[in-house]
Structure formats: structure tokens, C-alpha cells
Amino acid sequence: MLDVILPAGVESQECFGEAPGGVLFPEEQKVIADAVPPRRREYATVRSCARACLQRLGYQPVPILPGVGGAPIWPAGVQGSMTHCAGYTAAAVGAHPPIFAIGIDAEPDAPLPDGVLDLVATAAERDRLAGIQPGPDGPNWDRLLFSAKEAVYKAWFPLVGEWLDHQQAEISFHPHEETFAALLSRDGLIVNGRRLRCLHGRWIRQHGILLTAVVLSAT
């Protein structure tokens, strides 16, 4: 599912169903020691996915700890992203360069809770969503919008190190191509010497899950 929306050069690993867990390094065990068992299993499973990706890039298993803002700290020479929701866990990792940032996000294909759309969406986004004709095979567009913004943020933060508000990334969907564009209303993102104000991503809907990805590369 994830590899369909990632470019060549990015390794991915995913797990469907209940998170089985996995072996954690002692440093990771300390981070998650006080969490409930399901959260510990998710934490371990997503890191097992990430380490599988790293192994395919030639890296030995290492702890993957949260850094500033909760973003994972990756070994030198790689960039990556991890995500999980009920019934799904995944990671994506690529060599840096040419990959400068990756953001992936998984969400259940269900409507957002009441009131959340007004908090995360701009007026223009709400108008565009209202204009999309719903269909039996279409996604829950409000949840997909939220997921796209999360993927954008995960790609943004490691490079900029500052918070990006949900409403500072305005999403436009291209439903037939299953792609989206994110227009940023603030500066700060520089990739390979280029200032970026518009990011592009892809999405997929399968198995009751919405998955989005943004990959920033040298090209």
C-alpha cells in the first residue's frame, strides 16, 4: 500500500492488523515504559518497520528515539517517517541525499470528529471539500485533508525545526490522480538550496485506511 505512493529510492515497510510489537532497545524501552500495552506494541512495531527499511539501505539496527518536537532521530545519512493508526503501522526511509525529507501519515477512513475540520482547514479548503461530489468509492475527504496536512508537517519540521500550523498549509486535491498540493503561507523551507512554498504529495485509500505521503528530494 505505502510503496504505491512513494518514489523510487525510498524503502518502506508496513504491518496490517493489530500491532504485534517487537524488540526494543533499552533506550526505547525507557521512553515508552509508562504507556499502556497497546501503545507499547505500536511503538515497537513501527520501529521494527523502520529498522527493516534501514537494513535494506545497509544500516545495522539502532535505537530510533524521539527528538525535538517528537520527530524521530535517524542515523546520519538517512531521512524517514513513521506512522500508525488502528489496524496499520508503517515506516519509510530514504538515503540523504537525494532524499531530504519524508512525511507519511495514516488515518482511518472515517469522518473527522465534530469540530475538528473547522480547527484545521482554511475557509478555501472547506469550500473545495464542499464542492467535491461524494461517491461510494471515494474517501472521507475531511479526514484525508487532515492526513495530508500531517504528512506535510512531518516533512517540514525536520528541515525547519519550527511548528507549522494546520492552516499554514493549504491543501488542494486532484481526486482522479490521487495527488495533492500544499501551498505554504510561511517561509523557511529550503531544500537543496531552493526555497519551497508548494509541496506535492500522493494518497491512497485501501483496507479502510487513508495514507498520504510527501517526499522532498534533490530533483
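Where a number appears in this text, it was derived from the coordinates with a stated rule and is not lab data. This is a predicted model, so every value here is computed, not measured. In this analysis, Cβ positions are derived from the backbone assuming ideal geometry, glycine residues included, and neighbour counts consider all displayed protein chains.
Spelling out what I want: for every residue of the stretch 71-79, take phi, set θ = phi - 60°, compute 6.51 cos²θ - 1.76 cosθ + 1.60 (Karplus), and round to whole Hz; glycine and proline get x.
Rounded to whole hertz, the list is 5, x, 8, 9, x, 4, x, 9, 10.
Which of [x] 32, 22, 17; [y] 27, 21, 16; [z] 36, 21, 16 is the computed semi-axes √(5λ) of the Cα gyration tensor in Å for the structure on display?
[y]
If you project the alpha carbons of the stretch 52-96 onto the principal axes, what extent comes out on each, in Å, largest first?
Sorted from largest, the Cα extents of the stretch 52-96 read 30, 24, 17 Å.
Would you pull out the residues with amide H under 5 Å of Gly21's amide H, same chain only if 5 or more places away, H placed 1.01 Å from N?
Answer set, sorted by chain and number: Thr45.
I'd like to know which of Pro134, Ala182, Val93 lies farthest towards the positive end of the charge dipole of the chain, counting +1 on Cβ of Lys and Arg and -1 on Cβ of Asp and Glu.
The residue sitting farthest along the positive end of the dipole is Val93.
Where nothing but the Cβ of Lys and Arg (+1) and of Asp and Glu (-1) is charged, how large is the charge dipole of the stretch 1-109 around its Cα centre, in debye to the nearest 20? Kindly include the intermediate steps, with their values, before the conclusion.
Working: 7 positive and 11 negative charges, 73 e Å.
Approximately 360 debye in magnitude.
Roughly how big is the chain's charge dipole about its Cα centre, with Cβ charges of +1 (Lys, Arg) and -1 (Asp, Glu), in debye to the nearest 20? Spell out each step's value before the answer.
On the way: 18 positive and 24 negative charges, 123 e Å.
My answer is approximately 600 debye.
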